[in-house]
Amino acid sequence: MNSKNAQGYTKTEELEQVINSTPADSTAHITACDTLDNQPLIPYCFQHIWKWFLDLNSKRDSGFEGPKSISYTEVYAWNKLKQIDIQDFELDILFLIDNVFMENTRKKINKKQNQKQPIMSKGRKKR
């Protein structure tokens, strides 16, 4: 939410502009308020790790069953390109964030798949 777009505004600033320029009962206003209200609160000392995660997440590989976890190889290559001195504890936090992301993503995928499965009537067997 803090990275700047091509016009030099952060996502938070864009959402605040929508809130300030639209009627309170409009869909855009309500959506912008919900988005701001649901932002994770990241302590200042970890915001750089969150930005790293967002950067890596935006380039994440996907497989048959959805997104793949961020690998050490991907972090290594990204680190070489960005020339960032990542400490061990920062790497641990980065992977913890990814684990939570992956767990939530799997839950969403499973929920969608369960909603799409047809309900079998009683007495009929699956083949």
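The table that follows gives values for the structure above.
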quantity: Rg/Rh (Cα only; Kirkwood hydrodynamic radius) as it applies to the chain; calculated: 1.10
quantity: Summed side-chain charge close to Thr35 - residues other than Thr35 whose Cβ falls under 13 Å, Lys, Arg +1, Asp, Glu -1; calculated: -4
quantity: Normalised contact order of the stretch 1-54, rounded percent, pairs of Cα under 8 Å and 6 or more residues apart; calculated: 22
quantity: Top positive-direction residue, dipole computed over the chain with Cβ charges, set Gln113, Gly66, Ile19; calculated: Gln113
quantity: Structure-based [θ]222 nm, the chain - -39500 (n - 2.57) summed over DSSP H runs of at least 4, per residue, nearest 500; calculated: -18500 deg cm²/dmol
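Any read-out appearing in this document is the output of simple, stated calculations on the displayed coordinates, not a laboratory observation. As the structure is a computational prediction, the values presented were derived from the model and not from experiment. With ideal geometry, Cβ positions are generated from the backbone for all residues, glycine too; neighbour counts draw on all protein chains shown.
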